[in-house]
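Only one structure is covered here, and it is reproduced in the block below.
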Amino acid sequence: MTDRDKNWLDGIKAGGSAGQQAFEELSIFYGPKLYSQILKITKDPTLSKDILQEVFIKTWLHLPKFEGRSTLYSWLYRITHNETLNILRNEKKRTHVSLSQEVIEIIPGHSSLEGRSAEEILTFLNAAVESLPHKQAAVFELKYFQHYTFKEIEEITGTSQGALKASYHIAKSKISSFLHLKLNHCLLESSKL
Amino acid sequence: MSTDKDILKHIKPLKPEMPSDDFFSSLATKAMRKEQKQHKNTSGKSRIILYYSSAIAAILIIGIVVFQQFSMPVKEISTKIPSMANVSTPEIVEYVEQHLENYTTEEIIDLASVVLDEEINLISEENFLPENIQFTDIESYISEEELELFEDYDLYEFDENELLIF
């Protein structure tokens with residue numbers, strides 16, 4: 001855990017105005033990172049804002065119990081992921097009109113991706129990320145989707161750059177294999193029809 | 001053609017449009033306020049739930065008590081036992097031996113005490129003597145025979161039940 005995270009946690013645990021101040025700083029720092037993570041799944045900016053709000057309510061409630069067994073970002077990543085999926089599950093029951101935001105763009109030149117929509121690929125990509133352990137997924141999220149450098153991720157998570165690189169490399173190969181398998185399987189199914 | 005290893009190179013993540021900085025700076029305040037509101041609502045709701053559940057519990061208890069009062073089993077009086085006056089003693093003994101398991105100890109004691117009461121009533125009415133013998137005949141017999149039946153005995157030495165044996 002970074003010293004910055006530790007100070008925030010100590011402040012929040014102490015309570016009072018210092019706690020509120022610490023929580024505000026934490027929200028400004030982690031808010032944008034978690035928002036991107038949510039938007040990648042929902043593709044809906046309004047819904048993503050609402051979910052992020054809920055995530056921070058949960059964070060405020062549970063932070064005093066956070067034991068620091070993982071990095072703060074990894075812990076927040078897990079809360080955000082679970083909360084997003086829970087809310088989406090409930091949202092599906094309602095008729096929800098949303099303005100979809102493009103999250104990825106397909107660059108031509110790969111046989112497995114040909115004839116596939118960006119939305120379809122994103123669904124597979126999200127499923128692939130979901131299959132990773134949370135720490136690996138968190139690193140992949142920051143590096144691949146949010147374009148942070150390893151140095152910046154080191155500052156965010158407090159994990160060494162070497163460990164981050166190894167983690168990212170493993171995550172990337174797992175995701176590539178997952179995508180390749182899924183897309184080829186779909187291709188095979190459609191050719192049968 | 002590209003291999004599966006560089007498939008990610010063909011998927012380019014786009015930088016999302018981010019909300020304004022104000023949104024992120026107000027996140028914490030909103031979260032803290034909302035959490036307090038939710039907490040208040042929850043405690044208000046739990047108080048209402050507590051009132052309702054207490055009322056329901058009270059109604060249930062009253063209902064159970066009233067139900068128990070009305071559903072007390074009525075002590076059944078067996079009509080199977082024939083009138084003892086018309087039945088001979090061996091018949092009664094035989095009947096009891098055959099049907100002993102059908103009756104509880106309490107039932108047998110109750111029935112026995114009814115019979116005993118009837119016998120006592122008969123005795124108290126002083127009609128236990130045969131019709132051809134009068135009370136005066138007995139008195140004269142005692143005086144003629146010079147019997148001093150109770151002189152040597154203190155009646156109070158006898159148990160009340162012993163005196164009732166004739």
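The values are calculated or read from the model by the stated rules, or taken from the named source; none is laboratory data. Note that the structure is a prediction, hence the values are computed from the model and not measured. Don't worry about glycine lacking a Cβ; one is built from the backbone with ideal geometry, like all the others, and counts go over all protein chains shown.
Report, by residue number, each residue of region A:1-34 that is of a type in the set (S, T, N, Q) and under 20 Å from residue A:57 (Cβ atoms). Don't jump to the end; show me each part of the working.
Start the filter on region A:1-34 by keeping residues that are of a type in the set (S, T, N, Q), which leaves A:2, A:7, A:17, A:20-21, A:27.
If the condition is that a residue be of a type in the set (S, T, N, Q) and under 20 Å from residue A:57 (Cβ atoms), then A:17, A:20, A:21, A:27 are the ones that fit.
Could you figure out which of (1) surrounded by 11 or more Cβ atoms within 10 Å (Cβ to Cβ); (2) at pLDDT 65 or above isn't true of residue B:113?
(1)
If I filter region A:19-27 for residues that are facing another protein chain (nearest Cβ under 7 Å) and within 15 Å of the chain's Cα centre (by Cα), do I get at least one hit?
No: zero hits.
When the residues of region A:23-73 are narrowed to those that are of a type in the set (Lys, Arg) and in a helix (DSSP H, G or I), which ends up nearest to residue A:130 (Cα to Cα)? Reasoning before the result, please.
Step one: of region A:23-73, the residues of a type in the set (Lys, Arg) are A:33, A:40, A:43, A:49, A:58, A:65, A:69.
Now restrict to residues that are in a helix (DSSP H, G or I): A:33, A:40, A:49, A:58, A:65.
Values: A:33: 17, A:40: 12, A:49: 21, A:58: 21, A:65: 25 Å.
Going through the qualifying residues, I end up with A:40.
Please verify whether region A:92-105 includes one or more residues that are touching a Leu at 6+ places or on another chain (Cβ under 8 Å) and assigned to a helix (DSSP H, G or I). Can you show your working first?
Within region A:92-105, the first condition is being touching a Leu at 6+ places or on another chain (Cβ under 8 Å), and the residues that meet it are A:96, A:98, A:101-105.
Next, from what is left, pick out any that are assigned to a helix (DSSP H, G or I): none.
Checked region A:92-105: no residue is touching a Leu at 6+ places or on another chain (Cβ under 8 Å) and assigned to a helix (DSSP H, G or I).
Answer yes or no as to whether residue A:192 is farther than 24 Å from residue A:69 by Cβ, of a type in the set (Lys, Arg) and modelled with pLDDT under 90. Walk me through it before giving the result.
Values: farther than 24 Å from residue A:69 by Cβ: yes; of a type in the set (Lys, Arg): yes; modelled with pLDDT under 90: yes.
Yes; evaluated as a whole, the condition is true for this residue.
Please give the number of the condition residue A:114 fails out of (1) within 14 Å of chain B (Cβ to nearest Cβ); (2) within 16 Å of the chain's Cα centre (by Cα).
All conditions are met except number (2).
Mind counting the residues in region A:1-40 that are β-branched (Val, Ile, Thr), surrounded by fewer than 22 Cβ atoms within 10 Å (Cβ to Cβ), in contact (Cβ under 8 Å) with a residue 12 or more places away in the chain and farther than 18 Å from residue A:65 by Cα?
0
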